[in-house]
Amino acid sequence: QVQLVESGGGLVQPGGSLRLSCTASGNIFSIYAMAWYRHTPGKQRELVAAIGSGGSTNYADSVKGRFTISRDNAKYTVYLQMNSLKPEDTAVYYCNADLKPRVGRRKEYWGQGTQVTVSS
């Protein structure tokens, strides 16, 4: 059984920073791309940042220059360093992984989400 678990969310003032982590566990054969999405009630889910197995990255325009995605393949972990946070960054952040388990087909897995609230 494969599971993704996010951590690091919380309440932060505008201009502050948070670092989100997401760790995959279970019977993993290989993890390909990993990504962070976010969702706020009343808005569509959006892709925040993604990172390929080779380290290539892409970011939403709204976070470019402020957020950095990285990964530690040995730990099956992806990070999202969020700096210069704005109230509009408030959302539930979800980890996503394109993953091949040791048994079964390759598919995308999702974490449970972690709340990020940016407020003064």
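The values are calculated or read from the model by the stated rules, or taken from the named source; none is laboratory data. Note that the structure is a prediction, hence the values are computed from the model and not measured. Because the Cβ atoms are built from the backbone with ideal geometry, glycine has one as well, and the counts that use them run over all protein chains shown. Please note that ligands, DNA and RNA were not included when accessible areas were found on the heavy atoms of the full protein model with its side chains. Shrake-Rupley method; radii C 1.70, N 1.55, O 1.52, S 1.80 Å.
Please go through (1) within 16 Å of the chain's Cα centre (by Cα); (2) open to solvent by 70 Å² or more (accessible area, probe 1.4 Å); (3) under 16 Å from Gly113 (Cβ atoms) for Ser56 and return the number of the only condition it doesn't satisfy.
Failing condition for Ser56: (3).
For the stretch 52-69, state whether one or more residues are basic (Lys, Arg) and more than 26 Å from Gly26 (Cα to Cα). Write out each step before concluding.
Going through the stretch 52-69, the residues basic (Lys, Arg) turn out to be 64, 66.
Pick out the ones that are also more than 26 Å from Gly26 (Cα to Cα) and you get 64, 66.
Within the stretch 52-69, one or more residues are basic (Lys, Arg) and more than 26 Å from Gly26 (Cα to Cα).
Go through the stretch 85-111 and count every residue that is under 18 Å from Gln3 (Cβ atoms) and either among the hydrophobic types (A, V, I, L, M, F, W, C) or touching a residue at least 60 places away in the same chain (Cβ under 8 Å) (or both).
Qualifying residue count, the stretch 85-111: 16.
Please tell me if Val5 is open to solvent by less than 70 Å² (accessible area, probe 1.4 Å) and not basic (Lys, Arg).
yes
Can you tell me how many residues within the stretch 27-53 are in a loop (DSSP other than H, G, I, E, B), open to solvent by 40 Å² or more (accessible area, probe 1.4 Å) and within 20 Å of Val2 (Cα to Cα)?
Residues that pass the stated criteria total 2.
Which residue pairs have Cβ atoms under 7 Å apart, sit 6 or more places apart or on different chains, and have a first residue in the stretch 35-51 that is of a type in the set (S, T, N, Q) and a second that is in a strand (DSSP E or B)?
Every condition considered, the pairs that remain are Thr40/Ala91.
Just checking, how many residues over the stretch 56-84 are without any contact (Cβ under 8 Å) to a residue 12 or more places away in the chain and either in contact with a Lys or Arg (Cβ under 9 Å, 6 or more places away or on another chain) or in a strand (DSSP E or B) (or both)?
Here the count works out to 3.
Identify, by number, the condition in (1) more than 21 Å from Val2 (Cβ to Cβ); (2) of a type in the set (Ser, Thr, Tyr); (3) surrounded by 13 or more Cβ atoms within 10 Å (Cβ to Cβ) that Tyr76 doesn't meet.
Of everything listed in (1) more than 21 Å from Val2 (Cβ to Cβ); (2) of a type in the set (Ser, Thr, Tyr); (3) surrounded by 13 or more Cβ atoms within 10 Å (Cβ to Cβ), Tyr76 misses just condition (1).
Return the residues of the stretch 85-108 that are out of contact with any Ser or Thr (no Cβ under 8 Å at 6 or more places or on another chain), surrounded by fewer than 19 Cβ atoms within 10 Å (Cβ to Cβ) and part of a strand (DSSP E or B); say none if nothing qualifies.
Residues satisfying the conditions are Asp98, Pro101, Lys107, Glu108.
If you check Ser120 against the conditions, is it of a type in the set (Gly, Ala, Ser), modelled with pLDDT of 95 or more and open to solvent by 20 Å² or more (accessible area, probe 1.4 Å)?
Details: of a type in the set (Gly, Ala, Ser): yes; modelled with pLDDT of 95 or more: no; open to solvent by 20 Å² or more (accessible area, probe 1.4 Å): yes.
No.
Taking the condition of being more than 30 Å from Ser120 (Cβ to Cβ) and part of a loop (DSSP other than H, G, I, E, B), how many residues in the stretch 1-26 meet it?
Going through the stretch 1-26 one residue at a time, the tally reaches 3.
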